1. Could you list, in their original order, any pairs among Lys9/Lys70; Lys9/Lys67; Lys9/Lys59 whose Cα atoms are separated by more than 30 Å?
2. Can you tell me the FRET efficiency between Arg81 and Arg53 if r is taken as the Cβ-Cβ distance and R0 is 35 Å, rounded to the nearest 0.05?
3. Treat each spin label as a single point 7 Å out from the Cα along the C-beta direction, and report the Leu15 to Arg117 distance in nm.
4. Treating only the Cβ atoms of Lys and Arg (+1) and Asp and Glu (-1) as charged, compute the dipole magnitude of the stretch 51-124 about its Cα centre; round to the nearest 20 debye.
5. For Ser7 and Glu99 in the same chain, what is the full-extension length gain: residue separation times 0.36 nm, less their Cα-Cα distance, in nm?
6. Please report, in Å, the Rg and the Dmax of the stretch 51-124, where both are computed over Cα atoms only.
Amino acid sequence: MNIKVNSLKNFVGGLAFGAALLLGLSETTQAQGGYNPYYDRQDGYYSGRDYRRHQEREKRVEKRHQKDEKRALERHQRQEREYYGNNRDVREHQRQEREEIKHHQRHEKERRKDHQRHERRDRVTYDQRHDRDRHDHDNDNYR
């Protein structure tokens, strides 16, 4: 029994280390700018229907990603129950994992919403700036 508990602790520690490493690498990729397939226009902005489709696509991609994470957690927990049994310690450990993924996914959703708010704010600023520029050029023609 003691071997199973130590194995569970080692497994959980390795899992936590792997998750931290994965998250750390993804943050490093974001910090470097990376490739962003959404901004295929030269100015990096969308207009009208394209903009709405862009944000809807981001939301769909996020939902699919979160469902995949939940499925992976379910498979992982099923394997743990098969290996360690369904005792109180395993159930508590798995409850904690479910809470962690719930908070992680909530954080991802908030980040996406902040990102989209930021895009909307920048889009308005961009549109206003171009409208002002167009207006200035119109006035130049009549001077």
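1. Details: Lys9/Lys70 22 Å; Lys9/Lys67 27 Å; Lys9/Lys59 36 Å.
Lys9/Lys59, as the Cα separations exceed 30 Å there.
2. Values: r = 42 Å, r/R0 = 1.20.
Once the sixth-power term is evaluated, E becomes 0.25.
3. 3.3
4. Details: 27 positive and 18 negative charges, 133 e Å.
I would put it at about 640 debye.
5. Working: separation 92, 0.36 × 92 = 33.12 nm, distance 2.21 nm.
In short, 30.9 nm is gained.
6. Rg, Dmax (Cα atoms, Å): 17.1, 56.
Here, each number is a calculation from the coordinates, and none is a lab measurement. A quick note: this is a predicted structure, and the numbers were derived from the prediction, not measured. Neighbour counts run over all protein chains shown; Cβ positions are idealised from the backbone, glycine included.
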